[in-house]
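Undergrad: Before I ask anything, let me first share the structure, which is written out below as structure tokens.
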Amino acid sequence: MEAFSKFVLSLDRRWIFLVLLLVLFIPIACPLNLPGLKPSPGVTRMYDFVENMPEGSTILISFDFDPASKPELAPMGEAMLRHAFRKKLKVVAMGLWVTGVSLEKETVERIAKEANVTYGDDYVNLGWKAGSVAVITGMGEDIHNTFPTDAKGNPVGSLKIMQRVHRLKDFDLVVSLAAGTPGIDTWIAYGSDKYKFKMGGGTTAVNAPAMSPYLQANQLVGLIGAMRGAAEYEFLLDKPGDAIRGMDAISLGHYLIVGLILMGNIAYFFTRSRKGVAA
Amino acid sequence: MLHLKRTVPLAIAFLSGILLLIQYFVPHPWSAKFLQYTSDWQVTLAYAALLLGVGSLVQSHVTKARRKAPGWGFSAVALAAFGITVAMGMWWSVHTAWQSRTDASIVTTGSGEGSPLSWVYNSLLFPMGGAMFSILGFFIASAAFRAFRVKSPEATLLLLSAIVVMLGQVPLGAHLPGIPQLSAWLLSVPTTAAKRAIGFGVALGSIATALRVIFGIERAYLGGE
Amino acid sequence: MMAILGVWVAVGLTLFMFSFLYKDNPFYKVGENLYVGITIGYSLVKLIFETWIPNVWRVVHPEAGVWFENHEWWLILPPLFLGSLILTRFVPKYAWLSRWTFAFVVGYGSGLAIPAVQKQAEATAHPLVTHIESFDSADKAATEAEKKATDLAASKGAGSDEAIKARIDADEYRERANAAKARKDAVSAAGARADKARAAANDARKQADEMAKKGPADSEEVHAAQKKATLAERAAIGAEMATWTAYSKSEYSVLTAWGDFTTIVLFIGVFSVLFYFFFSIEHKGPVKVFSRLGIIFLMIYFGASYGYTVMGRLSLLYGRLVILRDACYPSVGFATPVLLVAMITVLVVLHFQNKDKEENA
């Protein structure tokens, strides 16, 4: 036991890196299809809200993240776009993070093509503007002024959807998929609290606990948390995507980390009690 | 001169702050217009702030490269990457603008589909950004192993809460009896309470700072002298 | 061709970044600086073409803008002027001019922040304990008040002040009793809906199980039936929860008590944490106990955050590993294995070179 403790406590961390790499790579190379995904209340609330929106309602999806958070947030964006197009909602996409714009464009175009919808009539891409708080405030007053043109350079007034939405209040739902600030809290503080529109959110695992007060105070209609939340949304939508495929690897990774914590503590306990005896 | 350097900025901060505060409480078409104009100005203004940031970054790398400080070659890499990226974006826009010079909407094609910049984004920026942050995945595993020790009651609480939430997160763990409920409760009650308190503290702090700025007590933004 | 080259570059740079796990090395340094350079270059181009030109161009370019027609073209001048003032930072002698712009930006942010932040703080202060009247007691009170009003009207005359006051009171009681009745009805309606949903879910599950028993368990029909059953079960759980919620709103019950307990825990949590952070009196006696309670809440919060963070980081890592796997195939020329072997070779060579140097020194 002493030898074990000594070995564990002096282990080079690069061995742990290697083990983690292997554990994650196994399900990527050959999927295990571990069972048991259960939708959580936050995701269910979000899904139900979109599901119950009447045909033709407008939804604004803001992609507030950069490539670093793509594995967590892009699947949410894809699932929500698919859901919106399936329910024949009108989608307006945009982003507050400059390094995320191209990702947002690519995602929106791909899902739109898959759903066979028309640009301008069924969806619009506003792109990005600098200034986060000022952008939200400006949009609360007059979107056409803040975004004179869309991401493709068309004047926004020429797009059919944009002729019916002039300010944030005109949207039936605004969703921010955010990896940090500017993100959900910015949208709530400077947007929905002042201009009174329905707000939904999707966020990374790191930020999810910090967003829970908003859900509880009903400042959010629903909250998709992390890759697991995205997987749950895909499950509800009955359209498995990247998030569901990733859950195997993520689950194994979690077990490994819980195991590492336990192992470290067992070794620590043993050396401590020995030290106690020696003293 | 001192007036221009100190009194004028203090007056500007006071006026813009107080007017934006008033417009919130006075719903009137004029106050709405005022808010809209100032917000649009902020959006347009952001260009200068970014130019400032880019300028200082480039300056520091140039100095490093010129002095041949240790590791100056890496600064040269950063500068070259910056220069080539900007040149690509500019070239493509001018090129497409020339091709469609009758069209007024040419202006946003800096990184459109098929442009060199979109290739740079997909092949360089995107993988590097993803990889840089995913490295943290390895470190969080080794931190779990080395730092999470039952050394005190507080540390034990931290560890237990982490384990419950982790198990509650993954599909298989959600089938362990009691774990998903406990995990959900931890997130919706004690975690929310702590986060709200922190949020409350931040809120009080920001209101205090905002008032200090408006009334000219806080002058750090003026810089030295 | 460009696509395949793109894959090689992406894989190579990912491996450059991962090489940091071994130790800090030139590959990682190159990657890091490349990343910084490209990010700021990219942001600059985006800023120019997606914010600056569309917002300024429409004024400069008569065809693009409607502002000329509205005589609002002057609106672009203030931000242009203030923006150029920021750039005086590069000329030390006139750098002070940039203060004007900073003053405007900071003032704008402050003025906007106060009401926004105050709204956020309001959401924290929820009512603590709820009191809910049951229909029976409300109905009883209303009947009594009505009787009193009728009696008074009979004895003192319907037009007397006392009788009118009693009538108004009675109406108020009746209104409350009606509201309680509506809550009670809502419970039974929700209950009926929940029963129906549960029955439907049970049927769907039974059907799915039978199908699985009969045919091949792995067929698409069985999957579809199972999916349908799961969704029906979810709907049933939702309906049952709605019943419980309606019930908890209808009269004071165990459920409401649990809700109140939760609210009390939340309340104690918020205040003990605030106490721990903000009160600068010496922490001893009851103060110490209360602030220690705050630490407990904070520890649970940090633990939960860590637990969530693990998921976040692993997700990002997963995303990268998928890219590496996809580049393992012949269609992209085995980019991952080739580059991996090449990089390991270089690192090994570097390692031995350094070792030689150390030994010679």
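The values are calculated or read from the model by the stated rules, or taken from the named source; none is laboratory data. What you see is a predicted model; the values in this text were computed from it and never measured. Reconstructed Cβ throughout: ideal geometry from the backbone, glycine too, with neighbour counts over all protein chains shown. Side chains included, ligands, DNA and RNA excluded: accessible areas come from the protein's heavy atoms. Shrake-Rupley method; radii C 1.70, N 1.55, O 1.52, S 1.80 Å.
Undergrad: Select from the range A:23-44 all residues whose loss of accessible area on going from the chain by itself to the full protein assembly reaches 30 Å² or more (probe 1.4 Å).
TA: A:Leu24, A:Phe25, A:Ile28, A:Pro35, A:Gly36, A:Lys38
Undergrad: Kindly give the semi-axes, whole Å and largest first, of the ellipsoid equivalent to the range C:185-301, taking each as the square root of 5 times a Cα gyration tensor eigenvalue.
TA: 48, 22, 8
Undergrad: Moving on to the next point. Which value, in debye to the nearest 20, describes the size of the charge dipole of the range B:116-225 about its Cα centre when Lys and Arg Cβ atoms bear +1, Asp and Glu Cβ atoms bear -1, and nothing else is charged?
TA: Result for the range B:116-225 is approximately 200 debye, rounded to the nearest 20.
Undergrad: Return one whole number: the accessible area per residue of the range A:116-194 in Å², for a 1.4 Å probe.
TA: Result: 29 Å² per residue.
Undergrad: Moving on to the next point. Just flag the trypsin sites (Lys or Arg not before Pro) in the range C:259-327 sitting in loop per DSSP whose Cβ has no more than 10 other Cβ atoms within 10 Å.
TA: C:Lys284
Undergrad: Please identify the DSSP H helices in chain C that span no less than 27 Å along the helix axis (Cα) and have a mean Kyte-Doolittle hydropathy of 1.6 or more.
TA: Qualifying helices: C:254-278.
Undergrad: Summing -39500 (n - 2.57) over the DSSP H runs of n ≥ 4 in chain A and dividing by its residue number, what mean residue ellipticity at 222 nm do you reach, to the nearest 500 deg cm²/dmol?
TA: -16500 deg cm²/dmol
Undergrad: Rounded to the nearest 0.05, what FRET efficiency is calculated for C:Glu122 and C:Asn25 with R0 set to 56 Å and r the Cβ-Cβ distance?
TA: The pair C:Glu122/C:Asn25 has a calculated efficiency of 0.60.
Undergrad: Still on this structure, I have one more. Return the calculated 222 nm mean residue ellipticity for chain C, to the nearest 500 deg cm²/dmol, obtained by summing -39500 (n - 2.57) across DSSP H runs with n ≥ 4 and dividing by the residue count.
TA: Helix contribution divided over all residues of chain C: -28000 deg cm²/dmol.
Undergrad: Calculate the spin-label point distance for A:Ser57 paired with B:Leu176, positioning each point 7 Å from the Cα along the beta-carbon direction, and give it in nanometres.
TA: Taking the simple label geometry, B:Leu176 and A:Ser57 are separated by 3.8 nm.
Undergrad: Work out which trypsin sites (Lys or Arg not before Pro) in chain B are exposed loop sites (DSSP not H, G, I, E or B, at most 14 other Cβ within 10 Å) and give the longest gap free of them.
TA: It runs B:152-225.
Undergrad: Sticking with this one: Find how much the distance from B:Leu2 to B:Lys33 grows on full extension, using 0.36 nm per residue of separation minus their present alpha carbon separation; answer in nm with one decimal.
TA: Contour length minus Cα-Cα distance gives 7.8 nm.
Undergrad: Go through the range C:268-361 and name the GluC sites (Glu not before Pro) that are in a DSSP coil and have 10 or fewer other Cβ atoms within 10 Å of their Cβ.
TA: C:Glu282
Undergrad: How much accessible area per residue does the range C:181-231 have, in Å², with a 1.4 Å probe?
TA: Spelled out: the 1.4 Å probe surface of the range C:181-231, per residue, equals 69 Å².
Undergrad: With a 1.4 Å probe, how much accessible area is buried between chains C and B, both sides summed, in Å² to the nearest hundred?
TA: Approximately 10500 Å² gets buried when C meets B.
Undergrad: Still on this structure: Within 10 Å of each candidate Cβ there may be at most 13 other Cβ atoms; applying that plus a DSSP loop requirement, which trypsin sites (Lys or Arg not before Pro) in the range A:186-258 survive?
TA: Within the range A:186-258, the qualifying trypsin sites (Lys or Arg not before Pro) (loop, at most 13 other Cβ atoms within 10 Å) are A:Lys196.
Undergrad: At 222 nm, what value in deg cm²/dmol follows for chain B if DSSP H runs of at least 4 each add -39500 (n - 2.57) and the sum is divided by all its residues, to the nearest 500?
TA: That calculation yields -25000 deg cm²/dmol at 222 nm.
Undergrad: Taking the Cα centre as origin and putting +1 on Lys and Arg beta-carbons and -1 on Asp and Glu beta-carbons, what dipole magnitude results for the protein assembly as shown, to the nearest 20 debye?
TA: That gives the protein assembly as shown a dipole magnitude of about 2120 debye.
Undergrad: How many percent of the accessible area of the protein assembly as shown is carbon or sulfur, using a 1.4 Å probe?
TA: 65
Undergrad: Tell me, what ³J(HN,Hα) does each residue in the range A:80-87 have, in order and in whole Hz, if you take phi through Karplus 6.51 cos²θ - 1.76 cosθ + 1.60 with θ = phi - 60° and put x for Gly and Pro?
TA: Result, rounded to whole Hz: 5, 5, 4, 4, 4, 5, 5, 7.
Undergrad: If you take the accessible area of A alone, add that of B alone, and subtract the area of the pair, what total do you get in Å², probe 1.4 Å, to the nearest 100?
TA: 4800
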